[in-house]
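Presented below is the structure to which this report refers.
The values are calculated or read from the model by the stated rules, or taken from the named source; none is laboratory data. Since the structure is predicted, the reported quantities are computational estimates derived from the model, not experimental observations. Note: ideal-geometry Cβ built from the backbone for every residue, glycine included; neighbour counts use all protein chains shown.
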Amino acid sequence: MSEENVVIYEKKGPIAFFTFNRPEQMNAMSQEVMDALEDAVKDYTADDSLFCGVISGARGNFSAGGDLKQRVKRLHQSYGVFPTYRAMENCPKPFIAAVDGYCLASGFNCAVMFCDFRICTERAKFGVPVARRGLTMRYPNTYTYQISLGNVMYLMLTGKHLNAEEALRMGLVSEVVPHEKLMERATELATMVCEGAPKHIQAYKQYFKRFIESPGSFGQSLVDMIFNPLRTSYDRTEGTEAFLEKRKPKFEGR
């Protein structure tokens, strides 16, 4: 597998598709994967014709985690994860994780910490077995943005793999679908996202991401800062008029 193919990046209309493509290694995240993902995310962020991203893995697995063989060789070196995840975190556009098979460790991080919501197949397996492997995590506290502290501790301390129904019950995923329907459903959901007012979609993402980091009274100031400019926007007027006229809105992102 050549390095340039480890992440397949495709644009289909307003949707960007990112596919981890190291199936023989269960889509383990090597440095080459992280670099390719970073480049693709930056392009997605800059392309004004794209409004939603879908991240998945090739041939039956999302990602089994970091490439441990590579990391052992670089045990005392800096591993370039931060630039990649920083690019995802700074992207104002939404990401949907479409999970099949294993979604573990670094794969779990990508899907849970840096995608806005997740769907999975009935054969998905989620887990963070780092303690069982003597590894450490960056920012594991952010898991509590998605699930309760007790469930985070349950995952971290036991290293247990959650099945799809357990993940749904904990709130890690929003839907469970048959594996053969995964990308079809992910595309449907991404299309629904793209039908929203682009600036409003981005504003809600920005608000909730920042609010959970700074809850309390700061929340109202965030509302004022983020949403006040949208109150007089074209898309707000268009959305209201379209509803009253019983037609589909034609948003322009302004």
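For the range 1-45, the candidate set comprises residues that are surrounded by fewer than 17 Cβ atoms within 10 Å (Cβ to Cβ) and of a type in the set (A, V, I, L, M, F, W, C); within that set, the residue that is nearest to the chain's Cα centre (by Cα) is ILE8.
When every residue of the range 55-74 is checked against the conditions, none turns out to be assigned to a helix (DSSP H, G or I), aliphatic (A, V, I, L, M) and modelled with pLDDT of 95 or more.
Those residues that are of a type in the set (A, V, I, L, M), over 15 Å from the mean Cα position of the chain (by Cα) and modelled with pLDDT of 90 or more, I need them from the range 108-146; list them, please. Let's see the steps before the verdict.
At the first step, the residues of the range 108-146 found to be of a type in the set (A, V, I, L, M) are 111-113, 119, 124, 128, 130-131, 135, 137.
Checking which are over 15 Å from the mean Cα position of the chain (by Cα) leaves us with 124, 128, 130-131, 135, 137.
Within the range 108-146, ALA124, VAL128 qualify.
Pairing each residue of the range 145-162 that is in contact (Cβ under 8 Å) with a residue 12 or more places away in the chain and more than 17 Å from ALA131 (Cα to Cα) with any residue that is among the β-branched types (Val, Ile, Thr) and surrounded by 16 or more Cβ atoms within 10 Å (Cβ to Cβ), provided the two are 6+ apart or on different chains, yields C-beta distances under 8 Å for GLN146/VAL112.
Picking from GLU175, GLU252, GLU188, which residue would you name as being modelled with pLDDT under 95 and acidic (Asp, Glu)?
Values: GLU175 fails: modelled with pLDDT under 95; GLU188 fails: modelled with pLDDT under 95.
That would be GLU252, the only listed residue that is modelled with pLDDT under 95 and acidic (Asp, Glu).
Yes/no per residue for (1) touching a helix residue (DSSP H, G or I) at 6+ places or on another chain (Cβ under 6 Å); (2) in a loop (DSSP other than H, G, I, E, B); (3) aromatic (Phe, Trp, Tyr); (4) not assigned by TED's automatic domain parsing to the domain that holds ASP67:
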position	(1), (2), (3), (4)
ARG118	yes, no, no, no
TYR143	yes, no, yes, no
GLY150	no, no, no, no
LEU157	no, no, no, no
ALA167	no, no, no, no
LEU172	no, yes, no, no
